[in-house]
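A.B. asks: Please see the structure below; I have some questions.
Each reported figure results from applying straightforward, stated rules to the coordinates on display, with no laboratory input. Computed from a prediction, not measured in an experiment: that's the story for all the values here. Neighbour counts are summed over all protein chains in view; Cβ atoms, including those assigned to glycine, are modelled from backbone coordinates with ideal geometry.
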Amino acid sequence: MKTIKLVRILIIIGTILVWIPILAPIIFTILLLIKEGIFKFDFLMPMELFFLTIIGGILLIIATFISKSYKKPIIINFVILIIIFFSIGLIANLTGLASGETEPTAFWFIFLIICTFLFIFINILLGIYGILLLRKVFKK
């Protein structure tokens, strides 16, 4: 019984932490739109709040090992997320985009933007798997 409560707590906290980087820019955009009538959407915020995704992903992985559900998709998505995050930084530094040496009009700039949106998509998938894991554990 204590194990089920622990797993539920891990999943709830992990899922919330994974969703915060996705929902924060949406909430801040809506608040700014209401307050000042300006639409500004920071699509890079999920990467700036990556540490929350890391903590939440680790909690979800721990919960998957205990509950033995959704282990493979959560681990795969988490590993892909980490690879994309560090690859974007590495490519930006190697190509000179991070320092401003290279104009952001080249192939690498477009490639990095696509990788950023892929990062956001995988983060959303990780959050969805967190919700699915939560539903499965609460059915027990």
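A.B. asks: Between helix 71-95 and the chain, what is the angle of the helix's C-alpha long axis to the longest principal axis, kept within 0 to 90° and rounded to the nearest 10?
C.D. replies: 20 degrees
A.B. asks: To the nearest 10 degrees, how steeply does helix 2-36 sit against the main Cα axis of the chain, on a 0 to 90 scale?
C.D. replies: 30 degrees
A.B. asks: Taking the 0 to 90 degree range and rounding to the nearest ten, how far is the long axis of helix 107-139 tilted relative to the main principal axis of the chain, both from C-alpha atoms?
C.D. replies: Relative to the chain, helix 107-139 is tipped by roughly 10 degrees.
A.B. asks: Determine, for each peptide in 39-46, 54-61, 73-80, the mean count of other beta carbons within 10 angstrom over its residues, then list the peptides with the highest first.
C.D. replies: 54-61, 73-80, 39-46
A.B. asks: Could you check how many percent of all C-alpha pairs in the chain are farther apart than 27 Å?
C.D. replies: Pairs farther apart than 27 Å: 33 percent.
A.B. asks: Please give the FRET efficiency for A24 paired with E101, using the beta carbon to beta carbon distance and R0 = 35 Å, rounded to the nearest 0.05.
C.D. replies: Efficiency for this residue pair is about 0.70.
A.B. asks: Within the stretch 26-70, which residues have the backbone N less than 19 Å from the label spot 7 Å out from K139 along Cα→beta-carbon, could you tell me?
C.D. replies: 63-70
A.B. asks: How much length is gained if the chain between F86 and I62 is pulled fully straight, taking 0.36 nm per residue apart and subtracting their Cα-Cα distance, in nm to one decimal?
C.D. replies: 6.4 nm
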